[in-house]
Amino acid sequence: MDGVTNLIGGKWLPSASGSTFESRNPADLSHIIGIYARSEAQDIEAAVAAAQNAYPDWRRTPPPERAAILFRMGQLLEKHKERLSILMVEEMGKVLVEARGDVQEAIDMAYYIAAFGRMPFGSVVPSERRDIYCMAQRVPVGVVGLITPWNFPIAIPSWKMFPALLAGNTIVFKPAEDTPQLAIEFVRLLVEAGIPTGVVNIVTGYGQEAGAALVESQGVTTISFTGSTATGRQIASRCGALLKRVSCEMGGKNGIVVLDDADIDLAVKGALWSAYGTSGQRCTAASRLIVHRDVHQKFRDALLSQVASFRVEAGTNPEAQMGPVINRAQLDRIHSYVELGQREGAKLLTGGKILSEGGFEKGCFYAPTLFDSMTPQMRIAQEEIFGPVTGIIEVSSFEEALAIANGTLYGLSLSLYTQDLSRAFRAIQELEAGIVYINLPTSGAEIQLPFGGVKQTGNGHREAGWMAMDYCTEWKSVYVNYSTSSDLVRAQIDVHPQKGHNT
Ligand code: UN1
C-alpha cells in the first residue's frame with residue numbers, strides 16, 4: 001500500500017502524520033518507483049523504542065546464531081541479485097553491471113561478517129598479579145542509527161548494518177530519500193533471513209526531519225552516517241554535544257597521479273573508470289588527474305577520444321557506459337561547477353552540458369566532461385562535484401605531483417601510475433588518504449579492507465573490513481580473582497613494593 005514503508009517492531013506502518021513522498025527514476029522522471037512514508041520524530045521514536053525492546057534478547061543471542069542469519073542474508077541477496085540490480089538501475093540510475101557490483105558488495109560483506117560469528121571477540125592478556133585472569137571483550141553499544149546515501153543503496157547499508165548486527169546491536173535505518181525502495185527490499189530480505197522482530201527497523205523520510213530526529217533521539221547511542229561533509233559536520237557536532245558515538249564517512253576530492261614512466265593505456269582506463277563510473281557519483285570518484293608534463297599530451301589525447309565517444313544512456317540499455325545523475329538538483333549543481341571551472345580558466349575539452357534532447361529530456365543526464373589546464377587552487381580542483389566531471393593538472397615532477405595530490409581538505413582515495421617501485425613505495429608512505437592505489441583506479445575497494453578517509457573525509461572511523469566492528473562496539477575489560485587466599489593484592493602498588501622505603 002502506498003506510503004506504508006516503515007518497519008517498526010515487525011509491523012509495516014505509514015508515517016504518524018500520514019504524509020508521503022515519491023521516488024522517481026532519474027533516467028525518466030515520469031516513472032514513479034513508489035510512494036513512501038514521510039516520517040518525523042514521532043516515527044523515529046517509535047522505531048527507537050522497538051529497537052530498545054529487541055535489544056536485550058538480541059544482545060544475549062550467541063554470535064554464531066546471529067551470524068547464521070547474516071549468512072542466510074548473503075544467500076538471499078545472491079538469489080535476488082538480478083532483481084535488485086534491475087531495481088537499482090531504475091531507482092538510482094547506475095548502469096546494470098555496476099548495479100550488480102553494488103549488490104555483490106553486500107553479498108561479500110554478508111559472508112565475510114558471518115564468518116566472524118565464531119571468531120575471537122576480544123583477547124585474554126596476562127596479569128601482573130598471581131591468580132588474576134584478565135580479558136577484554138567487545139560488547140554491543142545498544143541502538144545504532146544508520147543514515148545512508150543513495151549512491152550505493154545496497155552496499156553501504158550492508159557495510160554499516162552487518163557488523164552492527166553481528167556485534168549484538170539493534171538498528172534504526174534511515175535510508176536516503178532518493179532510494180527508499182532498495183532500502184525496503186534490503187530490510188525485507190533481512191526479515192526473510194530470520195532477523196527477529198524489532199532488531200532492524202526502517203524509517204523512510206528526509207534528512208532534516210527523520211534523519212535529524214534519529215540523531216537527537218535519546219535512545220540511540222551511536223550514529224553512522226555517509227554523505228556530504230556539510231551534513232556530517234552538523235551530525236558530528238550534535239553527537240558531540242549529546243556525547244554519542246558517531247562515525248562519519250564524507251566527501252572526497254580523489255586524484256590520480258600519472259608519472260612520466262606510467263603505462264598510459266592502463267592509466268587512461270583507470271581515469272575513465274574513476275571519473276565517469278557511476279556518473280562520477282562515488283565517494284571514490286577521481287575529479288583530479290595529476291599528469292606529468294612529459295606524458296600530458298599522450299594521456300590527454302587518448303582520454304579525450306574515449307570520453308568523447310562515451311555511450312550515455314539509461315542504465316537499462318546493456319550498451320550504456322554511463323547513466324543519469326540522481327536528480328535535477330544535482331544536475332544543476334554539476335552544471336554550475338562546470339560553468340565555474342570555465343570562469344576560473346580551465347579549458348573545457350568535451351562535455352560541459354546538460355543533455356536535454358534526443359530522448360534525454362525526461363531524465364537527468366549530463367555529458368561526461370573533461371577539463372584541461374586545471375590548476376590546483378581552482379574551486380573545481382578543491383571541491384567535491386559528485387558528477388561526471390574531471391580535469392587534468394599538469395605537473396613537472398614526482399614531488400610536485402605528491403604535494404598537489406595531498407593539497408585538498410579531503411583524503412579518501414589517491415592513486416599513482418608508475419613502473420618505478422621506489423616511487424610507488426614513496427607514494428604509499430607520503431599520500432594522505434585512507435585508501436592508496438598503485439596502477440589501479442581510485443574506485444574499486446574490496447570489503448575485507450577498511451574503507452574510509454582522513455582529513456575532512458572522515459572522523460577517524462572505518463567501514464567494511466573487520467575494523468568496522470570498532471564503530472559499533474565498546475571494550476569491556478574484565479578482571480577475575482581466582483585465588484584461594486584472602487589477601488588483597490593491589491595492582492601497581494603491591495607488585496612493586498618500594499624496597500627499603502618503609503624500613
Ligand atoms: C562510495 O562511493 O561511497 O571503491 C563507496 C568503490 C566502491 C565503494 C564506493 N567499492 O568505489
Item to complete: Could you list, in sequence order, all residues of segment 81-120 that are crowded, with 18+ Cβ neighbours inside 10 Å and assigned to a loop (DSSP other than H, G, I, E, B)?
Response: Met92, Gly93, Lys94, Val95
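A quick yes/no check of all residues on (1) within 16 Å of the ligand (Cβ to nearest atom); (2) among the small types (Gly, Ala, Ser):
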{"position": "Gly251", "(1), (2)": "yes, yes"}
{"position": "Asp261", "(1), (2)": "no, no"}
{"position": "Ile264", "(1), (2)": "no, no"}
{"position": "Ala267", "(1), (2)": "no, yes"}
{"position": "Gln281", "(1), (2)": "yes, no"}
{"position": "Asp294", "(1), (2)": "no, no"}
{"position": "Arg300", "(1), (2)": "no, no"}
Fill in: Which listed residue, of Ala46, Ala50, Ala16, is hydrophobic (A, V, I, L, M, F, W, C) and assigned to a loop (DSSP other than H, G, I, E, B)
Ala16
Fill in: Matching residues in segment 197-229 - criterion: being more than 16 Å from the ligand (Cβ to nearest atom), farther than 21 Å from Ser23 by Cα and in a helix (DSSP H, G or I)
Ala213, Leu214, Val215, Glu216
Worksheet item: Can you find a residue in segment 315-324 that is within 16 Å of the ligand (Cβ to nearest atom) and at pLDDT 95 or above?
Response: yes
Worksheet item: Does Gly387 satisfy the criteria of being crowded, with 23+ Cβ neighbours inside 10 Å and assigned by TED's automatic domain parsing to the domain that holds Ile326?
Response: yes
Discussion item. Step by step: first the residues of segment 456-484, then only those that are crowded, with 19+ Cβ neighbours inside 10 Å and on the phi > 0 side of the Ramachandran plot, then the one that is farthest from the ligand (Cβ to nearest atom). Which residue is that?
Written reply: Gly465
Fill in: Residue list for segment 403-426, filter: surrounded by fewer than 24 Cβ atoms within 10 Å (Cβ to Cβ), more than 24 Å from the chain's Cα centre (by Cα) and closer than 18 Å to Thr284 by Cα
Ile404
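Each row is one residue, and each column tells you yes or no for (1) crowded, with 22+ Cβ neighbours inside 10 Å; (2) within 19 Å of Val48 (Cβ to Cβ); (3) not polar (S, T, N, Q).
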site	(1), (2), (3)
Val172	yes, yes, yes
Ala193	no, no, yes
Gly198	yes, yes, yes
Thr204	yes, yes, no
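The values are calculated or read from the model by the stated rules, or taken from the named source; none is laboratory data. What you see is a predicted model, and the numbers here were worked out from it, not measured in a lab. Here Cβ is always computed from backbone atoms with ideal geometry, including for glycine, and neighbour counts include all displayed protein chains.
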